[in-house]
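Read through the structure below, which is laid out as structure tokens, and then see the notes.
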Amino acid sequence: MRNKVTKAVFPVAGLGTRFLPATKAVPKEVLTLVDRPLIQYAIDEAREAGITEFIFVTSRGKSALEDYFDRAPELEMSLKSKNKTELLDIYNQTCMDSGAIAYVRQNQALGLGHAVWCARHLIGDEPFAVLLPDDVIAADKPCLKQMLEAYEETGGNMVAAMEVPEDKASSYGVLDVPTGMSPVLPVRGMVEKPKPGTAPSNLAVIGRYVLSPDVLKSLDNQTTGAGGEIQLTDAIAAQIEAKNNVYGYRFQGQRFDCGSKAGFLQATISFGLSRADLREELEDYIYDMMAMRQAAE
Ligand code: G1P
């Protein structure tokens, strides 16, 4: 039996400049998808996968994010006194147990690898998960849960993977894998942000990882890679040479790139349509709008 993975790292130190001006005052991770902050989707996914220790790598200006997971005594008392049990349930889902979340600062934006490395003392010598909250994944079985089940068989290191169009590969970490449709693929190499036309495949890394503590040791070197940043992809790739134990996992589900405005809007529509209390009104609006657009053409 492998060590159970109970710790997850959430890198949330970014400035979120793509969402300016909103992010001048509000961390990107608390922007709302329907009625929940973006970060809650990643937290819920991790909880459902059995994660009990949550490590946030933050930076200046993220206090709204820290407050969000705390108790809000005035709100709690008001909901209780008015007997608003449904709202209290929703509220309770956002309150984490004391000590379940730890915050560590990344005081310089040196890359994703560096952000994860900032959590090294809290992770210690055990396998851990990393979730990038910008990647929101709608799935019947949460993506990280799918991966941890597969990881039970493989051990080593596992990255979520998804086919992307060839002209988009240079925005991702890309895997060199044997062809085939199996969900678990042994990785022969991985490249962060390959130059157009040089990607080893069209299988891109999506922001869910299950990693061995060896990756943190590789990050100790602080070697820079693509874009002059310390890349997580490079530290994982180093494990291929050392131990040949890196796997790509083709997950079941739909991924939304909530790091982009278009992706955030698509996720908003899709999650809105999947909500029983919103579906009808939203569908009617979308049909009417499409009809009006067609009529105007
Ligand atoms: C990060 C990773 C990249 C991965 C991507 C998934 O890139 O470095 O390997 O493919 O997330 O969203 P970023 O989007 O931070 O540039």
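Rule-based calculations on the coordinates, nothing more; no lab input. The model shown is predicted, which means the values in this text are computed figures rather than measured ones. Cβ coordinates were reconstructed from backbone atoms using ideal geometry, including for glycine residues, and neighbour counts include every protein chain displayed.
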Expected vector for region 67-83, Karplus 3J(HN,Hα) from phi with 6.51, -1.76, 1.60 and θ = phi - 60°, integer Hz, x for Gly and Pro, equals 5, 4, 8, 8, 6, 10, x, 5, 4, 4, 5, 5, 5, 5, 5, 8, 6
May I have the convex hull volume per residue, in Å³, for the Cα set of the chain?
170
For region 252-268, in order, what is each residue's ³J(HN,Hα) by Karplus, 6.51 cos²θ - 1.76 cosθ + 1.60 with θ = phi - 60°, in whole Hz (x at glycine and Pro)?
8, x, 10, 9, 10, 8, 7, x, 10, 5, 4, x, 5, 5, 4, 4, 4
Taking neighbour counts of Cβ atoms within 10 Å as a proxy for exposure, in what order, fewest first, do M162, M181, M190 appear?
M181, M162, M190
Can you work out the Karplus-derived ³J(HN,Hα) for every residue in region 155-162? Use 6.51 cos²θ - 1.76 cosθ + 1.60 with θ = phi - 60°, whole Hz, and x for glycine or proline.
x, x, 10, 9, 10, 6, 9, 8
Mind giving me the nanometre distance, one decimal, between the label points for A72 and T17, set 7 Å out from Cα along Cα→Cβ?
3.1
Skipping prolines and chain starts, which residues have an amide H placed within reach, meaning under 5 Å, of the one on S260, given they are 5 or more residues away or on another chain?
none
Taking all pairs of distinct Cα atoms, average 1/r, flip it, and tell me the Kirkwood hydrodynamic radius of region 1-97 in Å to one decimal place.
15.0
Report the label-to-label distance for D167 and A262 in nanometres (one decimal), using points 7 Å from each Cα along the Cα→Cβ vector.
1.0
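As a check on your grasp of the helix formula, calculate [θ] at 222 nm for the chain: sum -39500 (n - 2.57) over DSSP H runs of n ≥ 4, divide by the residue count, round to the nearest 500.
Numbers: 12 runs with 110 residues, N = 297.
It lands at -10500 deg cm²/dmol.
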Can you list residues from other chains, or at least 5 along the same chain, whose modelled amide H is less than 5 Å from the amide H of V26?
none
With a ≥ b ≥ c taken as the square roots of the eigenvalues of the C-alpha gyration tensor of region 1-50, please select rounded if a/c is under 1.5 and otherwise prolate if a/b is larger than b/c or oblate if it is not?
oblate
Listed highest first by mean packing, meaning other Cβ atoms within 10 Å per residue, what order do 220-231, 57-68, 129-140, 274-285 come in?
129-140, 57-68, 220-231, 274-285
How high is the FRET efficiency between T179 and S274 when r is their beta carbon distance and R₀ equals 45 Å, given to the nearest 0.05?
0.85
Order of C258, C95 - criterion: other Cβ atoms within 10 Å of each residue's Cβ, fewest first:
C95, C258
Among L75, L211, L175, which one moves the most in a GNM of the chain with springs linking Cα atoms closer than 10 Å?
L75
